[in-house]
Amino acid sequence: MTETDAERLIRESIPSSIKGEVVEVIKRNPISRLEYEALFAVIFKYDKTKTLEMVKATKNLSISNPDFEFSGSDVDDKYNLENTAVFISAKCK
């Protein structure tokens with residue numbers, strides 16, 4: 001799967017209740033000469049319910065496609081807890 005395909009699938013999995021999200025690759029780690037792991041951050045305005053919805057959507061994505069994996073979440077304290085990020089790892093070629 002290409003990085004572009006991975007981003008498209010992640011965007012398609014984002015619940016409709018989450019608006020104004022940013023999807024960005026924040027890190028790339030080599031797996032082999034031909035593959036790497038891209039760590040995507042889905043960043044949006046903090047809301048506990050929406051964060052849990054995004055975590056559930058990510059878990060569902062990883063169940064339906066083994067190239068994806070939930071890699072955690074974090075609330076950005078530099079911005080007074082305004083934003084949260086859900087991290088998704090994807091195996092890319």
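The values are calculated or read from the model by the stated rules, or taken from the named source; none is laboratory data. Computed from a predicted structure; not experimentally measured. Neighbour counts are summed over all protein chains in view; Cβ atoms, including those assigned to glycine, are modelled from backbone coordinates with ideal geometry. We work out accessible area using only protein heavy atoms, side chains counted, and drop any ligands, DNA or RNA first. Shrake-Rupley method; radii C 1.70, N 1.55, O 1.52, S 1.80 Å.
If you go through the range 23-49 one residue at a time, how many are among the hydrophobic types (A, V, I, L, M, F, W, C) and more than 21 Å from Lys59 (Cβ to Cβ)?
At the first step, the residues of the range 23-49 found to be among the hydrophobic types (A, V, I, L, M, F, W, C) are 23, 25-26, 31, 34, 38-44.
Applying the additional criterion that residues be more than 21 Å from Lys59 (Cβ to Cβ) yields 31, 34.
Summing the residues that are among the hydrophobic types (A, V, I, L, M, F, W, C) and more than 21 Å from Lys59 (Cβ to Cβ) in the range 23-49 gives 2.
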Every listed condition ((1) open to solvent by 90 Å² or more (accessible area, probe 1.4 Å); (2) closer than 22 Å to Glu3 by Cα; (3) within 14 Å of the chain's Cα centre (by Cα); (4) at pLDDT below 95) holds for Lys93 save (3)
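Tell me, please, whether a residue that is in a strand (DSSP E or B) and polar (S, T, N, Q) can be found in the range 10-18.
Filtering the range 10-18 for residues in a strand (DSSP E or B) gives none.
No; the residues of the range 10-18 include none that is in a strand (DSSP E or B) and polar (S, T, N, Q).
Residue-by-condition table, conditions (1) of a type in the set (Asp, Glu); (2) within 10 Å of the chain's Cα centre (by Cα):
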| position | (1), (2) |
| --- | --- |
| Ile31 | no, no |
| Tyr46 | no, no |
| Thr51 | no, no |
| Thr58 | no, yes |
| Glu69 | yes, yes |
| Val75 | no, no |
| Leu81 | no, no |
| Ala85 | no, yes |
| Ile88 | no, yes |
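Name the residues in the range 22-77 that are in a loop (DSSP other than H, G, I, E, B), open to solvent by 70 Å² or more (accessible area, probe 1.4 Å) and among the hydroxyl-bearing types (Ser, Thr, Tyr), would you? Don't jump to the end; show me each part of the working.
Taking the range 22-77 as the starting set, the residues that turn out to be in a loop (DSSP other than H, G, I, E, B) are 31-35, 46-47, 65-67, 76.
Subsequent filtering for residues that are open to solvent by 70 Å² or more (accessible area, probe 1.4 Å) retains 31, 33-34, 46, 66.
Tyr46, the sole residue that qualifies.
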Scanning the range 1-16 residue by residue, those surrounded by 11 or more Cβ atoms within 10 Å (Cβ to Cβ) and either closer than 18 Å to Pro66 by Cβ or of a type outside the set (A, V, I, L, M, F, W, C) (or both) turn out to be Met1, Thr2, Glu3, Asp5, Ala6, Glu7, Arg8, Leu9, Ile10, Arg11, Ser13, Pro15
